[in-house]
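First comes the structure, then the notes that go with it.
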Amino acid sequence: MIKSFRLVKHMSENSVTFVFIGEFDLSRACELQGELDPYLYEPDRKLVFDFKDLRYIDSTGIGIILVVIKARAEIKAGFEIRNIPSHINRLFDIAGISKFLSDNAV
C-alpha cells in the first residue's frame, strides 16, 4: 500500500507555511528537507507547519521537527506548528516535544 502525502507551501511577506497532508514518514523526508532548506535559516520570515490534515508522522518526522526547533532557536526566528491533531499531539507529549511548543509557537 502506498502512503499518500502532499506538502503545500504558502508564502507571504512575513511567513512561509508548509501544510502537511496525509502520512509523513521516512520516504518523504527528502522532499520536506528540499522544500524546507531555503527557509530554515531565514530569520525575517516566520516558519509555520500546519498539521490540520496530517494523519500520521513517524520518528523521522519528529526528528526533523527537533532540527527545525533547534535551528530556528539558534537564529532567534519564529517557528509555529498549527492545528496539531490530538493523536499527533499525544506523540509529541510522549517524545517530549510539546514542552518546546508552548501555545504551539516557538
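The values are calculated or read from the model by the stated rules, or taken from the named source; none is laboratory data. In this text, all values refer to a predicted model and were calculated from it rather than measured experimentally. Methodologically, a virtual Cβ is constructed for each residue, glycine included, from the backbone with ideal geometry; neighbour enumeration extends over all protein chains shown.
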| said: It is to be established whether one or more residues within segment 72-84 are touching a Phe, Trp or Tyr at 6+ places or on another chain (Cβ under 8 Å) and on the phi > 0 side of the Ramachandran plot. | reply: yes
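Regarding I64, is this residue without any contact (Cβ under 8 Å) to a residue 40 or more places away in the chain, surrounded by fewer than 16 Cβ atoms within 10 Å (Cβ to Cβ) and among the β-branched types (V, I, T)?
When the stated conditions are applied, I64 does not pass them.
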| query | When segment 12-37 is examined, which residues are found to be surrounded by 15 or more Cβ atoms within 10 Å (Cβ to Cβ) and among the acidic types (D, E)? | reply | E23, D25
| Can you tell which of L91, L40 is touching a strand residue (DSSP E or B) at 6+ places or on another chain (Cβ under 9 Å) and surrounded by 18 or more Cβ atoms within 10 Å (Cβ to Cβ)? | L91
| message | Can you tell me which of (1) part of a helix (DSSP H, G or I); (2) touching a residue at least 24 places away in the same chain (Cβ under 8 Å) is the one K52 doesn't meet? | response | (1)
| Only one of K52, K46 that is among the basic types (K, R) and either crowded, with 17+ Cβ neighbours inside 10 Å or over 22 Å from I21 (Cβ atoms) (or both) | K46
| query | Checking F24 against (1) over 12 Å from the mean Cα position of the chain (by Cα); (2) closer than 18 Å to I97 by Cβ; (3) of a type outside the set (V, I, T), which test does it fail? | reply | (1)
| Given (1) of a type outside the set (A, V, I, L, M, F, W, C); (2) at pLDDT below 95; (3) assigned to a helix (DSSP H, G or I), index of the condition R72 fails | (2)
